[in-house]
1. Does Val145 satisfy being part of a strand (DSSP E or B), in contact (Cβ under 8 Å) with a residue 60 or more places away in the chain, at negative phi and aliphatic (A, V, I, L, M)?
2. Pull out all pairs, ordered by first then second residue, where Cβ-Cβ is under 7 Å, the residues are six or more apart or on different chains, the first lies in region 236-247 and is over 12 Å from Lys217 (Cα atoms) and modelled with pLDDT of 95 or more, and the second is of a type in the set (Ser, Thr, Tyr) and not in a strand (DSSP E or B).
3. How many residues does region 87-123 contain that are under 23 Å from Glu36 (Cα atoms), at pLDDT 95 or above and open to solvent by 40 Å² or more (accessible area, probe 1.4 Å)?
4. If you scan region 66-86, which residues turn out to be touching a helix residue (DSSP H, G or I) at 6+ places or on another chain (Cβ under 8 Å) and either more than 23 Å from Leu135 (Cβ to Cβ) or without any contact (Cβ under 8 Å) to a residue 12 or more places away in the chain (or both)?
5. Whether any residue in region 38-53 is on the phi > 0 side of the Ramachandran plot and in a loop (DSSP other than H, G, I, E, B) is what I want to check.
6. Looking for something in contact (Cβ under 8 Å) with a residue 40 or more places away in the chain and over 18 Å from the mean Cα position of the chain (by Cα) - is there at least one such residue anywhere in region 88-103?
7. What pairs come up if the first residue lies in region 150-161 and is modelled with pLDDT of 95 or more, the second is of a type in the set (S, T, N, Q), and their beta carbons are under 8 Å apart, counting only those six or more places apart or on different chains?
8. Can you find, within region 148-168, the residue that is least open to solvent (accessible area, probe 1.4 Å) among those that are farther than 28 Å from Asp51 by Cα, outside any strand (DSSP E or B) and touching a Lys or Arg at 6+ places or on another chain (Cβ under 9 Å)?
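The values are calculated or read from the model by the stated rules, or taken from the named source; none is laboratory data. Everything numeric in this text was worked out from a predicted model, so none of it was measured. When we count neighbours, we look across all protein chains shown, and the Cβ atoms used for this are built from the backbone with ideal geometry, even at glycine. Ligands, DNA and RNA are stripped out before the accessible areas are found, and what is left, the full protein with its side chains, is counted by its heavy atoms. Shrake-Rupley method; radii C 1.70, N 1.55, O 1.52, S 1.80 Å.
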Amino acid sequence: RRKNNNTMSLSYGPLAFWYDQLTLDVPYEAFVDFYENEFSKADGEFKTVLDLCCGTGTLTWMMAQRGYEMIAADASSDMLLQAAGKAADVKIPPLFLCQEAAGLDLYGTVDAAVCSLDGMDYIPPEELPEVFRRLNLFVRPDGLVIFDIRLPEWFKSIDGEVFVDETDDMLCLWRADFDDEENCICYGMDIFSKQGRLWRRETEEHIEYAHDPEWLKSLMENAGFENVRLCSDCPQGDDGRMFIVAKRNSIY
């Protein structure tokens, strides 16, 4: 049921402009609080942080407001354009990089890397070993990697569902289809935006993979991380989300 339709845009093209208006219910502050709580329990100073798959940069901006030196990477130039517009009022503006997660290439190390709101679910399984290898390369010894995923059973529970999000000037209609063979969910999105007296229709396809948490844990351990923890007591933990926290091995 996955589609390869030439009329359909890649993820976060047309949707990038509307993303923030459609995610007003996301508890971003709770995500940042979770990260900071993990930093406080870990070794060393946490000053420089990578926001991998940063999207429109709301979390990047919030963490910069709290004094962190942020590096933000995303594969979507449209999302990064939205993110850069939020950075003007912070003391140390984030560094924005247009990079695929599996092609991450930083100028030095960071104290921690975070990846929020399904960012890791967008990465195909075959690319994850390289993603974790690169995170191990660029996170300092004893630094942290923290990311969240949607649990596989949550993805399967919305198979066949149709959802509607709207504002005064936009309507987004999206359909969820779970592909058992590929172990992923495909969202087909139709975005209608008001253009004067008319409405413009654009389409996108989003694919998220139902990564098994224990498998992710083993991949991280193979990449040189230790103390890998699966945390269900977390923001949106009652809505199918799990956080994974790991420490970069100091001697790997």
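1. In short, yes.
2. Close Cβ pairs satisfying both conditions: Met242/Ser232.
3. Selection size over region 87-123: 3.
4. Asp78, Leu81, Gln82, Lys86
5. yes
6. No, the conditions are met nowhere in region 88-103.
7. If the second residue must be of a type in the set (S, T, N, Q), the pairs left are Pro152/Asn183.
8. Gly160
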